[in-house]
1. Run lengths n ≥ 4 of DSSP H only: what is the helix-derived mean residue ellipticity at 222 nm for the chain, with -39500 (n - 2.57) per run over all residues, to the nearest 500?
2. Using alpha carbons only, what's the Rg to Rh ratio of segment 31-127 with Rh from Kirkwood?
3. Taking the Cα centre of the chain as the origin, how large is its charge dipole in debye, to the nearest 20, when only Lys and Arg (+1) and Asp and Glu (-1) carry charge on their Cβ atoms?
4. Considering Cα pairs under 8 angstrom that are at least six residues apart, work out the relative contact order of the chain and quote it in whole percent.
5. How much of the accessible area of segment 240-308, probe 1.4 Å, is carbon plus sulfur, in whole percent?
6. Per residue, how much accessible surface does the chain expose to a 1.4 Å probe? Answer in Å², no decimals.
7. Report, as a whole number in µm² per second, the diffusion coefficient that Stokes-Einstein gives for the chain at 10 °C and 1.306 mPa s using the Kirkwood radius over alpha carbon pairs.
8. Counting only protein heavy atoms and a 1.4 Å probe, tell me what percentage of segment 102-234's accessible area is made up of carbon and sulfur.
Amino acid sequence: MKPGDVELLARILEYESSHDQKQEWPLGWNWEQVRVQPATLNRLVIDGCLEVVFHSNSYKGYRLSERGKLLAIQGEPQPEIEQDSGPVSWPEDVFGDIIGHDEVKELLRAAVTAERPVHVLLAGPPALAKSLFLWGLERVAGSRALWLMGSASSKAGLWDLAAERRPRLLLVDELDKMAAVDTAALLSLMEGGRLVRAKVGRRLEEQLDLRVVAATNNLRVLAPELLSRFAVRRLQPYQRQEFRQVVVGVLVRREGVAPEVAEQVAALLDGVSQDVRDAVRVARLAPQVGVEKAVALLGLGASSPSAAA
Ligand SMILES: Nc1ncnc2c1ncn2[C@@H]1O[C@H](COP(=O)(O)OP(=O)(O)O)[C@@H](O)[C@H]1O
Ligand SMILES: [Mg+2]
């Protein structure tokens with residue numbers, strides 16, 4: 001079968017249905033009647049979509065076979081991808097680049113490897129490594145993970161993506177920004193992994209073994225029926241000691257900053273900022289203007305107006 005064949009068959013079916021075949025062409029219709037090149041018709045005969053009813057030197061008559069009619073109505077059956085539903089293996093360094101958050105790490109490990117699904121929603125203010133957790137899970141699950149950005153997911157359509165990719169693990173970042181149509185799909189998928197697909201001429205219903213891990217900055221905008229499907233794990237802003245640890249870790253490991261400079265940045269932001277991204281910005285400007293000046297320029301100094309906030 002080639003692209004366009006199904007449309008062609010549908011056209012022929014329409015032609016056949018609008019004529020009384022036995023009366024009008026007992027020997028089958030010919031290529032001029034349906035306006036399809038004989039070469040194409042013969043290919044469809046070989047594919048089993050058409051039958052040759054009559055063949056002489058001057059006339060070759062065709063009609064649709066049962067298979068041809070079925071294809072015209074239903075389209076080509078999509079190859080079914082088997083869902084890979086074996087357990088997800090769990091290497092030790094899944095969250096190796098995340099400092100602290102030990103209980104969250106444990107929770108996610110248990111949820112993702114559990115026999116029956118437990119869906120987890122990480123909630124809390126920005127820069128608490130929520131996205132980092134989702135990235136870690138994506139690395140573990142590889143091709144069995146489907147990653148969705150709430151703010152962008154409507155373009156692809158969760159429904160179609162899930163049907164096509166049959167993920168084991170669905171990762172949704174920025175859940176609060178997800179389009180309503182995708183939220184509806186998500187609700188159904190989370191309830192027993194039910195996947196309903198409307199296909200031409202039939203309805204498919206199937207079961208997916210799916211676990212969802214999502215992240216959000218905002219819980220208040222989420223519908224109660226969605227929230228109740230999740231184990232909601234709230235991440236609290238870092239305590240001062242934790243914040244210093246995370247800052248030093250991120251600056252040294254991820255930003256390649258010298259440890260003593262990282263310590264200096266952490267000390268200057270201690271009690272002033274709770275956002276690791278502030279520290280990263282300071283560290284990136286520091287080579288140009290020095291650490292203290294960078295802190296001041298970004299309005300993060302202990303005596304600057306924004307520090308009180
Ligand atoms: N506990 C942590 N361990 C490692 N990096 C962290 C941690 N907390 C925050 N970060 C850093 O902060 C930045 C923001 O993290 P991200 O996962 O995007 O946060 P969120 O999704 O919660 O807004 C990341 O680039 C990361 O380097
Ligand atoms: Mg994020």
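1. -12000 deg cm²/dmol
2. 1.49
3. 280 debye
4. Values: 429 pairs, mean separation 44.2, N = 309.
This gives 14 percent for the chain.
5. Numbers: 1990 of 3910 Å².
Answer for segment 240-308: carbon and sulfur cover 51 percent of the accessible area.
6. Working: 17000 Å² over 309 residues.
Here the per-residue accessible area is 55 Å².
7. 66 µm²/s
8. 51 percent
The values are calculated or read from the model by the stated rules, or taken from the named source; none is laboratory data. Source: prediction; values computed, not measured. Heads up, the Cβs are rebuilt from the backbone with ideal geometry, glycines too, and the neighbour counts pull from every protein chain shown. Ligands, DNA and RNA are stripped out before the accessible areas are found, and what is left, the full protein with its side chains, is counted by its heavy atoms. Shrake-Rupley method; radii C 1.70, N 1.55, O 1.52, S 1.80 Å.
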